[in-house]
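Novice: After the structure tokens below, expect a handful of questions from me.
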Amino acid sequence: MKVTETKLKGCFIIEPNVFKDERGYFFESFNHKNFCEAIGQEVTFVQDNQSHSKKGVLRGLHFQKGEHAQAKLVCVLDGNVLDVAVDLREDSPTYGQYVSIELSSENKKQLFVPRGFAHGFVVLSDTAHFFYKCDNYYNKASEGGVKYDDPFLGIDWRLGDFDPIVSKKDLELKRLKHI
């Protein structure tokens with residue numbers, strides 16, 4: 001597997017070795033030992049989540065606070081999305097900066113989003129099945145978020161003139177400066 005650290009320290013793009021032949025393909029989507037060695041830290045995932053969304057659905061930007069903070073390993077099982085991670089670590093030199101990457105069933109890339117980050121994605125294909133591992137259990141009282149269109153962040157969601165489909169809850173999220 002190829003592992004590349006993004007401009008945000010601790011946030012990695014993971015590209016598996018894919019073996020293709022006339023039957024189809026095979027790849028190892030996760031190996032705990034190899035993963036931890038590649039990112040240089042011990043991470044134990046305890047919860048897997050999936051979502052299915054239609055084109056234009058934007059989910060995020062979400063995070064868990066305090067002792068319930070979560071690191072995530074995200075990928076797309078079917079379709080393609082623009083995936084975004086925002087550094088919310090106040091002591092980080094990249095605080096408030098983001099990385100975005102297209103994840104798809106074709107490229108099979110994954111993104112490791114460490115604790116202290118907000119995360120979100122928008123569906124670019126007709127539909128998408130999104131899958132992610134978390135290193136901590138979800139805790140409703142610890143959930144938080146940043147408004148997806150916060151001008152301070154300036155995220156290019158690659159929507160053009162298309163208005164995203166956003167939940168009422170996500171539309172009510174605050175800008176970063178108010179968190």
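Novice: Name every residue in the stretch 75-107 that is charged (D, E, K, R) and surrounded by fewer than 17 Cβ atoms within 10 Å (Cβ to Cβ), in order of residue number.
Specialist: Scanning the stretch 75-107 gives Asp78, Arg89, Glu90, Asp91, Glu102, Glu106.
Novice: Taking the stated definitions as given, is Glu37 at pLDDT 95 or above, more than 16 Å from Lys133 (Cα to Cα), among the acidic types (Asp, Glu) and exposed (fewer than 14 other Cβ atoms within 10 Å of the Cβ)?
Specialist: So Glu37 fits the description; yes.
Novice: For Arg175, only one of the following conditions fails: (1) surrounded by 14 or more Cβ atoms within 10 Å (Cβ to Cβ); (2) touching a Pro at 6+ places or on another chain (Cβ under 9 Å); (3) of a type outside the set (Val, Ile, Thr). What is its number?
Specialist: Arg175 satisfies every listed condition except (1).
Novice: Among what's in the stretch 118-133 and is more than 11 Å from the chain's Cα centre (by Cα) and part of a strand (DSSP E or B), pick the residue that is surrounded by the fewest Cβ atoms within 10 Å (Cβ to Cβ).
Specialist: The extreme case among them is Thr127.
Novice: Take the residues of the stretch 136-169 that are over 18 Å from the mean Cα position of the chain (by Cα) and acidic (Asp, Glu): which is surrounded by the fewest Cβ atoms within 10 Å (Cβ to Cβ)?
Specialist: Asp161
Novice: What residue, of Ser142, Ser92, Ser100, is without any contact (Cβ under 8 Å) to a residue 60 or more places away in the chain and either touching a helix residue (DSSP H, G or I) at 6+ places or on another chain (Cβ under 9 Å) or among the hydroxyl-bearing types (Ser, Thr, Tyr) (or both)?
Specialist: When all the criteria are applied, what remains is Ser100.
Novice: Further, regarding this structure: List the number of the failed condition for Arg115; all other conditions in (1) part of a loop (DSSP other than H, G, I, E, B); (2) at pLDDT 95 or above; (3) more than 15 Å from the chain's Cα centre (by Cα) hold.
Specialist: (3)
Novice: Let me ask another. Quick one: is Ile101 touching a Leu at 6+ places or on another chain (Cβ under 9 Å), at pLDDT 95 or above, hydrophobic (A, V, I, L, M, F, W, C) and assigned to a loop (DSSP other than H, G, I, E, B)?
Specialist: Judged against the criteria, Ile101 is not a match.
Novice: Answer yes or no as to whether Asp135 is charged (D, E, K, R) and modelled with pLDDT of 95 or more.
Specialist: yes
Novice: Here's a follow-up. I'd like to verify a number: residues in the stretch 1-42 that are more than 20 Å from the chain's Cα centre (by Cα) and either assigned to a strand (DSSP E or B) or closer than 20 Å to Asp83 by Cα (or both), how many?
Specialist: Result for the stretch 1-42: 6.
The values are calculated or read from the model by the stated rules, or taken from the named source; none is laboratory data. Please read all numbers here as calculations on a predicted model, not as lab measurements. All Cβ positions, even for glycine, are placed from backbone atoms using ideal geometry, and neighbour counts span all protein chains on display.
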